[in-house]
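Asks: Before we start, here is the structure in question, set down as structure tokens.
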Amino acid sequence: MGMPSPPAAGEEVDASNNAKRSTSSSSYIAEDAELRIRNLDFFVESRGIRKDLLMNVTAHVRSGEVLAIIGGSGAGKTTLLDSVALEPRPGRRAGQVLLNGQELDASLFRASCAYVAQSDACAPSLTVKETLQFAASLYQGRASRADRAKRVQQLLEECGLDACQQVKVGDGIVIRGVSGGQRRRVSLAVELLKRPSVLVLDEPTSGLDSKAAEAIVELLTGIAVANNLAALCTIHQPSSYVFHQFDKLLVLAKGRVCYFGKADAALQQFQDIGFPSPSGVNPAEFMIRITNADFAEDGQVERICDSWDAICKEAKPSLSGVLTCGPPEAAPRASARKQVGKLFLRAVRSNIRNPMAFAGRALLTALLVSFVCMAYLGARKRNQENVLNYLWAVMWVQQLPAFLCIGAVPNFAREHSCFRKEVKNGLYHPLSHLLADMLVNVPIWFLLAASAIAPSSLILDTPVIHTPELWLLLAAYIGFNDTFAQLCGSLGTGSALGIMVFLMQTILNMIFDGTLLAHEGEVPWMMRWLFYVVPSKYAFRSGVKMEFDSLVFEGFETCSDPSLPPDVRAVLPCWGREGLDVVAALGGQMFPVLQGDFTFVGDLLIIFGELVLLKCTHAVLMLRAYHSCCNCRRAKAYVTARRIEKDVMSPDTRRHRRV
């Protein structure tokens with residue numbers, strides 16, 4: 001019986017396990033790499049109480065190997081993978097994650113590693129081939145077009161995507177696209193275009209049937225050998241066939257290591273400590289069952305972990321096999337100019353193909369505005385009775401396209417998820433994304449404004465003298481709401497919360513724009529500032545002023561005739577003859593917001609200023625996401641110093657000092 005290799009013990013670097021194991025001359029060969037997890041702790045502190053999620057975890061994986069991390073629920077698999085991938089999460093980390101002997105930080109991760117999340121975050125409107133071509137143009141921006149095309153075609157064939165290369169990736173909701181297994185392979189192929197030395201995968205078989213899961217793992221192990229990659233992944237209840245595909249295995253329970261070493265030696269290790277596996281049982285299921293703290297006997301998990309601690313303590317550490325040659329050399333990326341250009345083209349293509357991005361919103365805006373204007377069709381008669389009808393029609397023409405921006409929140413949420421994944425892996429800089437986003441969205445705002453103004457002008461026969469100003473005003477107001485929808489989509493908790501926040505903003509605009517609440521004195525003093533910040537107030541009053549300008553309303557001479565009895569004059573609507581006189585009367589009798597010396601330019605600048613403020617806030621959040629997506633909080637210095645003591649502590653002492 002061979003003792004499994006303990007994590008502290010060194011191993012000689014076997015060249016045959018690296019570049020010589022390549023089976024495809026067409027694939028790239030990464031430089032030798034070793035990812036080493038050394039004495040890793042992760043804990044959270046609340047009210048002075050510390051809860052350990054990971055305790056003294058040590059493992060490593062080298063080029064050409066695939067390390068699988070298994071364990072029951074709450075074992076610490078996701079916490080460990082997030083710590084390795086530098087994913088932000090509440091808590092603090094102590095210990096080290098090294099790549100070829102160098103501390104793994106954000107810049108090194110973006111240069112030499114790739115992270116494949118559990119949820120596939122790809123542009124759903126692009127085809128499989130277009131997705132790979134886009135990634136190749138940025139990951140391999142300095143390579144020739146012919147070389148990039150050749151590499152894309154190789155990956156399509158190696159990943160089994162050649163038959164569906166012209167099918168849209170899809171999201172399974174709005175755009176159906178390829179199957180779940182194919183979408184997972186697309187995500188993997190995209191990161192292979194980066195030519196990473198280390199590949200980190202979060203449950204690559206999650207949500208797939210057994211056959212698709214086997215295909216993904218076979219692809220992963222084959223690529224690790226062919227391209228000399230080091231790969232580690234969490235896996236949830238792998239089948240027996242999938243289990244035997246892995247080179248190394250790390251079993252976790254309650255944040256501690258139960259076993260680390262060769263996958264095919266794991267059962268022997270558990271048998272040696274008194275836990276033999278029944279014949280015919282899936283090895284992974286057996287190990288998860290006996291190490292699951294929720295269902296195992298009292299003290300069983302601790303006994304298994306203590307046995308492994310004893311093995312590690314007896315092993316003699318050696319550095320002879322530790323790679324310390326420095327980090328692998330990163331491939332040159334595309335220039336900032338090229339990043340903006342490629343992101344712009346992808347965004348244009350996505351907006352054209354995705355019905356929820358532009359076309360659907362524009363069509364729905366035109367239909368709803370037409371429906372509302374038909375309801376107020378009587379306002380075509382410019383008389384005193386239809387003044388309020390015309391006013392409400394103008395208000396709805398402004399509010400509907402802005403409110404329909406709520407439909408873009410789910411799309412923005414998916415875009416934000418894609419953004420986080422892509423900037424984490426170093427595909428582009430977030431400023432390039434923000435600039436390309438602006439270049440695409442500004443024309444969309446004007447087109448959405450046109451889809452509201454055009455049908456309303458035809459149905460209500462509105463004057464065209466101020467159409468350019470109205471177009472600019474409505475585009476700015478739509479831009480504000482569209483940018484707010486982007487912010488809601490980037491909340492990071494899915495689209496449901498974002499939709500609720502957007503609805504709250506819309507309700508506040510409707511209440512405090514001066515149409516429902518006329519006077520500031522009608523609300524408590526602590527809410528009066530809202531009258532000055534809601535952009536709908538400025539869009540409403542300038543829009544009404546321009547829409548009423550140059551109009552003449554009949555019947556004013558009749559309703560204002562002094563010969564009429566006072567009781568008759570009191571019930572007759574009588575606003576004025578000239579459009580601006582009508583606006584002044586409306587401001588004096590019903591809507592004080594229409595009073596005062598406001599100007600179109602002033603109101604436009606206020607809306608534009610709020611739009612710029614939102615854009616800056618969005619940019620700050622995107623940059624924060626860029627810096628936080630590879631920023632795992634380190635523990636304080638004294639905690640890190642305690643890590644040194646642990647190497648000489650007995651298991652009993654360590655258990656005593658845990659909280």
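Asks: To the nearest 0.05, what FRET efficiency results for Met500 and Glu385 with a Förster distance of 41 Å applied to their C-beta separation?
Replies: Values: r = 40 Å, r/R0 = 0.97.
Rounded to the nearest 0.05, the efficiency is 0.55.
Asks: Another question, if that's okay. Please arrange Cys113, Cys305, Cys574 by counting, for each residue, the other beta carbons lying within 10 Å of its beta carbon, fewest first.
Replies: Working: Cys113 28, Cys305 24, Cys574 19.
Taking fewest neighbouring Cβ atoms as first place, the list is Cys574, Cys305, Cys113.
Asks: Enumerate the amide H contacts of His60 below 5 Å, restricted to partners 5 or more residues apart or on another chain; note that Pro and chain-start residues carry no placed amide H.
Replies: Ile37
Asks: Given the -39500 (n - 2.57) contribution per DSSP H run of 4+ residues, what per-residue ellipticity at 222 nm results for the chain, rounded to the nearest 500 deg cm²/dmol? Before the final figure, lay out each step's value.
Replies: Values: 25 runs with 330 residues, N = 659.
Rounded to the nearest 500, the figure is -16000 deg cm²/dmol.
Asks: May I pose another question? Set the Förster radius R0 to 60 Å, insert the Cβ-Cβ distance between Met527 and Asp272 as r into 1/(1 + (r/R0)^6), and round the FRET efficiency to 0.05.
Replies: Working: r = 70 Å, r/R0 = 1.17.
For Met527 and Asp272, the calculated efficiency is 0.30.
Asks: Near the amide H of Tyr259, under 5 Å away, which other amide H atoms are found, from residues 5 or more places off or on another chain, if H is placed in the peptide plane?
Replies: Counting only residues 5 or more places away or on other chains, the set is Val251.
Asks: Could you list which residues have their amide H under 5 Å from that of Ser550, counting only those 5 or more apart in sequence or on another chain, with H placed in the peptide plane?
Replies: When sequence neighbours closer than 5 places are left aside, the close amide H contacts are Gly579, Leu580.
Asks: Could you give the dipole magnitude of the chain about its Cα centre, charging the beta-carbon of Lys and Arg +1 and that of Asp and Glu -1, in debye to the nearest 20?
Replies: Numbers: 68 positive and 63 negative charges, 312 e Å.
Around 1500 debye, computed over the chain.
Asks: Starting from the 7 Å offset along Cα-to-Cβ, what nm value, one decimal, do you get for the label separation of Asp461 and Gln237?
Replies: Each label point is offset 7 Å from its Cα along the Cβ direction, giving 7.0 nm.
Asks: Apply the Karplus curve 6.51 cos²θ - 1.76 cosθ + 1.60, θ = phi - 60°, to the phi angles in region 562-576 and return the couplings in whole Hz, x for Gly and Pro.
Replies: Whole-Hz 3J(HN,Hα) from phi for region 562-576: x, 6, 5, x, x, 5, 6, 5, 5, 9, 7, x, 8, 9, x.
Asks: Only sites in a loop by DSSP and with at most 13 other Cβ atoms within 10 Å count here; which GluC sites (Glu not before Pro) in region 219-307 make the cut?
Replies: Numbers: sites: Glu285, Glu297, Glu302; in loops: Glu297.
For GluC sites (Glu not before Pro) across region 219-307 that sit outside H, G, I, E and B with at most 13 neighbouring Cβ atoms in 10 Å, the list reads Glu297.
Asks: Please list 3J(HN,Hα) in residue order for region 399-410, calculated via the Karplus relation 6.51 cos²θ - 1.76 cosθ + 1.60 where θ = phi - 60°; whole Hz, with x for glycine and proline.
Replies: 7, 4, x, 6, 5, 5, 4, 4, x, 8, 4, x
Asks: Mind ordering 368-378, 384-394, 46-56 by average Cβ neighbours within 10 Å, highest first? Can you show the working numbers first?
Replies: On the way: 368-378: 17.0, 384-394: 20.3, 46-56: 14.7.
Taking the mean over residues of other Cβ atoms within 10 Å, the ranking is 384-394, 368-378, 46-56.
Asks: Further, regarding this structure: Beyond 27 Å between alpha-carbons counts as too far, so tell me which of Lys77/Lys168; Lys342/Lys537; Lys77/Lys424; Lys338/Lys615; Lys194/Lys313; Lys381/Lys545 fall in that bin. Please list the in-between numbers first.
Replies: Numbers: Lys77/Lys168 33 Å; Lys342/Lys537 38 Å; Lys77/Lys424 20 Å; Lys338/Lys615 23 Å; Lys194/Lys313 39 Å; Lys381/Lys545 18 Å.
Going by Cα-Cα distance, Lys77/Lys168; Lys342/Lys537; Lys194/Lys313 fall outside the 27 Å limit.
Asks: Over region 336-628, what is the mean sequence separation of C-alpha contacts under 8 Å (at least six apart), divided by residue count, expressed as relative contact order in percent?
Replies: Numbers: 356 pairs, mean separation 67.5, N = 293.
With pairs under 8 Å counted, the relative contact order is 23 percent.
Asks: Could you list the trypsin sites (Lys or Arg not before Pro) in region 171-234 that lie in coil according to DSSP, counting only those with at most 15 other Cβ atoms within 10 Å of their Cβ? Mind dumping the intermediate values first?
Replies: Numbers: sites: Arg176, Arg183, Arg184, Arg185, Lys194, Lys211; in loops: Arg176, Lys194.
Answer by residue number: Arg176.
Asks: Return the sequence-ordered ³J(HN,Hα) values of region 126-140 in whole Hz as given by the Karplus equation 6.51 cos²θ - 1.76 cosθ + 1.60 applied to θ = phi - 60°, using x for Gly and Pro.
Replies: Once rounded to whole Hz, the list reads 8, 6, 4, 5, 5, 4, 5, 5, 4, 5, 5, 5, 9, 5, 10.
Asks: To continue, here is another question. Among 419-428, 509-518, how do they line up from the highest to the lowest mean number of other beta-carbon atoms within 10 Å? Write out the running numbers ahead of the final one.
Replies: Numbers: 419-428: 22.9, 509-518: 18.9.
Order by mean packing, descending: 419-428, 509-518.
Every number here is computed from the coordinates shown, using simple stated rules; none is lab data. This one's a predicted model, so the numbers in the text were calculated from it and none came from an experiment. Every residue, glycine as well, gets a Cβ built from its backbone with ideal geometry; the counts of neighbours run over all protein chains shown.
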